[in-house]
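> I have a structure I would like to understand better, so I am pasting it below and will then ask my questions one at a time.
The values are calculated or read from the model by the stated rules, or taken from the named source; none is laboratory data. Computed from a prediction, not measured in an experiment: that's the story for all the values here. Glycine gets a Cβ as well: all are built from the backbone with ideal geometry, and neighbour counts include every protein chain shown. Calculation scope for accessible area: heavy atoms of the full protein, side chains included, ligands and nucleic acids excluded. Shrake-Rupley method; radii C 1.70, N 1.55, O 1.52, S 1.80 Å.
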Amino acid sequence: MTTTLTPSRRTGRGRRGVRGQVGWVFVGPFVAIFLLVLIAPLVYAIWLSFFQDRLIGGVSFVGIANFVDAFTDGQLWSAIGRVMRIMAVQVPVMLLLALFCALAIDSARLAWAPFFRLMVFLPYAVPGVVAALMWGYIYGPRFGLVGDVSSFLGIPLPDPLGPDFVLLAIGNISTWLFTGYNMLVYISALKTIPTDLYEAAELDGAGPFRVIRSIKLPALRPAITITVMFSVIGSFQLFNEPNILRPLSPNVITSDFTPNMYAYTLSFAGGQYNSAATVAIVVGVLTMIAAYAVQFIGARRER
Amino acid sequence: MAVAFDDTLARDAESATRTLTTVGSRRRGRRPASRRPQRSWWLTASMFLVLAYMLLPLVWLVVSSTKTQESLFTSFGLWFAQPFSLWDNLVGVFTYDGGIYGQWLLNTLMYVVVGAGGATLLATLAGYGLAKFDFTGKRLVMALVIGAIAIPATALTVPTFLLFSNLGLTNTPWAVILPSLISPFGMFLMWVYARDAVPTELLEAARMDGAGELRTFFSISSRMLGPGVVSVLLLEVVGSWNNYFLPLIMLNDPRWYPLTVGLNQWNNQATTQGGEIIYNLVITGSLVMIVPLVIAFLLLQRFWQAGLAAGAVKA
C-alpha cells in the first residue's frame, strides 16, 4: 500500500498540472449539470422553506416559521423515530452477518468459498423494488410462505406486516439486499493485509480467533466505519421498501411512515411544497449529522 | 469539524480506490498448500444457512413464475404446481396492456445507457481535469464535490422535483436522466484514479509534440483510465437500473416509466378499485427484470469484485 502511495504524493503535490483555463474544458460540463441538479434544488429548497403559500393572502415570507412547525410536528418526529428503531436493530444485524461471512470466506477454512461469496452477494443484483415485491408476497397471508407455514402448522402465525413486526419485516428486506455488498467491502479490506503479518502470527502460535482479534478486526476498522455510515444514511433515507409494501398493509404502513415518505406525501397528496421542502432539509441535515457522528467516532477510535 | 470529516472521508475513499487496483491476483498463493488450515465443518454448515436465507426469495420467485394466477393462491410457495405456465406468463408479461412491459424495458435501457453512460463520461472528464490541470476556481470545485458526496441523493429528490416542476421538466425523460448524470462520488473516484494512473510526464511529452489536450485525453489518457472507468460505470449502471424514487416522483405518464415503477404499478392494480389482479405477471415480470443483471454479475465477476468494492463509500 505504501509503495503505491509514495509516487502519487509526488505527482499530486510536488508537480502541478498545466496552468491556464484548459482544465475547464474537462471540468466544465460536469460543473454545469452539477449546479443544475444538485446546487439549484438545494438553494431552491432553502428558499421555499422560508415562504408559505396560503389560500388567502398567497405567497408570503414567514422567516423560520416552517422550521418551527417541522420541529414541533409530531408526524415528522414519529417518522424519524421509526427509522431510528429500524436502524438500531437492522444495521448491527446486517453488518455482523456481513462480517461473519467475510471472515469465514477469508479464513481459508471454508469449503467452496468463492461460491459462497458469489451467492451471498447475489441479492445485490436484485433491484430494491423487486426485493420489496418478493418479500411482500412472502409475508402476505393469502399466498405467501408465512400463510403456507401457518396453515400447515394449523396455528395462526403473527402477520409480519402487522403493527408488531412491520419494522422487522422492513429491516429484513434491507438486510437481505445489502449484506453481500457490505461483505464484499470487508473482504477487499481483508485482502490488503500484508502476508507477513499472518506469517508472523503463525510463528507466534496465534490461533485463528487471536488472528481475527489482533490483525483482521483492526485492519477492518476503516471499512466498518464506512459501512456503518452509509447504512445509517440509508436508514434515514428509507423510502422504497415501505412505499412498495404500503398497499399490503395501509393501516400500519401509513403515508408518513418514514421521513422521505412524509415529504413525498406532503408534496403530492397535500401540495404543501413549502412544508415538503422544509422536511427534506431537516431530514437531510439530521442525516448528515448522524453521518458526521459515525465518522467522528470512527476516526477517534482509530487513534 | 466539517474539514475533519471531509478529510477522513477522502482518506477512506482513497483507500477504497486503491483496493480497486490491488484486489485480484495479489493474494493468490498466500498460503502454501502444505500449510493450508483444516476445513471447518461448522463454518461451512453455518454458511449454508446464510445461503438458504439469500436464496429463499429467489427460489420462491422462480417457482412462482411457473404458476397461474389461481395456483399462486392454492399451492405451496416453494414447490411447483400444475399447470406449468411459465411460457404463458412470459407471453402475458410482454403482451399485457398493449405490450407496455416492453416499453418499460426499453425506457430502463435508455435511462441506463444515457444516464449511467453520461454520468461515467462526465465523471471521467472532470476527474481527469481536476487531477491534471490547474485553473481558476479549481479549489472551489473540489470543495463542492467533496461536500456533495456527503449529501444523500434521496434527500434531494423532493427538492429536485419541486425545482423541475417549476421549470416544466417533470414528466419528461430528462427529469430522470439529468439528475442521474451527476455522481460526485464517481467523479471523486476518477479524480483519485487519474492522479495515479496517468503519468504527468507522459502528458508533458505529448504537449511537447504539439498534441491538443482533448486529443491527448482520448488517444492516450483514456486508455490508462480503463479500470477506473469500468468501476464507476458498474456503480452507475446498478444505480440507474434500480432507480425508483426519482422516476416515481418525476413521471406521470406510464409510457416513460422504467421497469421498477411500472412493475409496482401492476402490483398496485390489485388494490385499486376495478383494477385487474395480475400477480402472476408481476412475479414473472420481476424475474425477467433481474435475469439480465444476475447474468451480468456472473459474467463480470472479475470487474465487480474490484469495482463495487471501490464503490464501498457509495451504497
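> Mind putting a number on the dipole of the range B:174-310 about its Cα centre? Charges go on the C-beta only, +1 for Lys and Arg and -1 for Asp and Glu, and I need it in Debye to the nearest 20.
The calculation lands at about 140 debye.
> According to the square roots a ≥ b ≥ c of the eigenvalues of the Cα gyration tensor, what is the shape class of the protein assembly as shown, taking rounded for a/c under 1.5, prolate for a/b larger than b/c otherwise, and oblate for the remainder?
Working: a/c = 1.57, a/b = 1.13, b/c = 1.39.
Oblate is the answer for the protein assembly as shown, as a/c is 1.5 or above yet b/c matches or exceeds a/b.
> Using the crude model of +1 on Lys and Arg Cβ and -1 on Asp and Glu Cβ, and no other charge, please compute the dipole size for the protein assembly as shown relative to its Cα centre, in debye to 20.
Result for the protein assembly as shown is approximately 2400 debye, rounded to the nearest 20.
> Same structure again: Under a point spin-label approximation (7 Å from Cα along Cα-to-Cβ), what is the A:I289-B:Y96 distance to one decimal in nm?
With each label point 7 Å from Cα toward Cβ, the separation is 4.5 nm.
> Run the numbers on the range A:48-132 and let me know its relative contact order in percent, using alpha-carbon pairs under 8 Å that are six or more apart.
It comes to 13 percent, rounded to a whole number.
> Still on this structure, I have one more. Just by accessible area at a 1.4 angstrom probe, what is the order of B:V93, A:V59, A:V252, B:V62 from largest to smallest?
Numbers: B:V93 0, A:V59 95, A:V252 35, B:V62 70 Å².
Highest to lowest solvent-accessible surface, that is A:V59, B:V62, A:V252, B:V93.
> So how far, in whole Å, is the C-alpha centre of the range A:237-303 from the one of the range A:106-138?
Each part reduced to its Cα centre gives a spacing of 26 Å.
> Could you look at the range A:22-63 and say what percent of its accessible area is carbon and sulfur, using a 1.4 Å probe and all protein chains?
In the range A:22-63, the share of accessible area belonging to carbon and sulfur is 79 percent.
> About its Cα centre, what dipole magnitude does the range A:67-302 give when the only charges are +1 on Lys and Arg Cβ and -1 on Asp and Glu Cβ, stated in debye to the nearest 20?
Dipole size: approximately 240 debye.
> Okay, moving on. What nm distance separates the two modelled labels at A:L96 and B:D209, each placed 7 Å from Cα along Cα→Cβ?
6.0 nm
> Please compute, for peptide B:39-47, the average count of beta-carbon atoms on other protein chains lying within 10 Å of each residue's beta-carbon.
Per residue, the average neighbour count from other chains is 6.
> Mind checking B:169-182 for the average number of partner chain beta-carbons within 10 Å of each residue's beta-carbon?
On the way: counts 1, 0, 0, 0, 0, 0, 0, 0, 1, 3, 5, 1, 6, 9.
The shielding value for this peptide is 2.
> How high is the relative contact order of chain A, given as a whole-number percent (alpha carbon pairs under 8 Å, six or more residues apart)?
Values: 291 pairs, mean separation 74.1, N = 303.
Relative contact order here is 24 percent.
> Considering only protein heavy atoms, with the full assembly of protein chains and a 1.4 angstrom probe, order A:F116, A:F67 by accessible area, largest first.
A:F67, A:F116
> Also: Which is farthest toward the positive dipole end of the protein assembly as shown among A:A293, B:V158, B:P199, measuring Cα position about the Cα centre, with Cβ charges +1 (Lys, Arg) and -1 (Asp, Glu)?
Projecting each Cα onto the dipole axis, the largest value belongs to B:P199.
> Among A:L248, A:L99, A:G136, flag the residue with its Cα farthest along the positive direction of the charge dipole of the range A:67-302, charges on Cβ as +1 for Lys/Arg and -1 for Asp/Glu.
So the residue we want is A:L99.
> Shifting gears a bit: To the nearest 10 square angstrom, what accessible area does A:F115 show with a 1.4 Å probe?
Taking all protein chains as shown, A:F115 has close to 90 Å².
> Now, a different point. Arrange the residues A:S255, B:S65 by how much accessible surface each exposes, largest first, with a 1.4 angstrom probe.
Largest accessible area first, the list is A:S255, B:S65.
> If I compute solvent accessible area with a 1.4 Å probe over the protein chains, what percent of it on the range A:67-302 is carbon and sulfur?
Details: 6050 of 9200 Å².
Heavy-atom surface of the range A:67-302 belonging to carbon and sulfur, 1.4 Å probe: 66 percent.
> I'd like the accessible area for A:M288, computed on protein heavy atoms only with a 1.4 Å probe and all protein chains in place. Round to 10 Å², please.
50 Å²
> Of A:P194, A:G207, A:L168, which is farthest towards the positive pole of the range A:137-208's charge dipole, taken about the Cα centre with +1 and -1 on the beta-carbons of Lys, Arg and Asp, Glu respectively?
A:L168
> Defining a contact as two alpha carbons under 8 Å apart and six or more residues distant in sequence, what relative contact order in percent does the range B:135-267 show?
35 percent
> While we're on this one: Can you list which of the DSSP-assigned H helices in chain A have a Cα extent of 30 Å or more along the long axis and an average Kyte-Doolittle score of at least 0.0?
Working: long enough: A:74-106 (47 Å, 1.50); A:166-191 (38 Å, 1.19); A:273-302 (43 Å, 1.02).
Qualifying helices, which must be both long enough and hydrophobic enough, are A:74-106, A:166-191, A:273-302.
> Can you tell me the accessible area per residue over chain A, all protein chains present, probe 1.4 angstrom, in square angstrom?
Computed with neighbouring chains in place, this is 45 Å² per residue.
> Could you run the numbers on buried accessible area between A and B, total for both chains, 1.4 angstrom probe, in Å² to the nearest 100?
Looking at A and B, the buried total is near 11200 Å².
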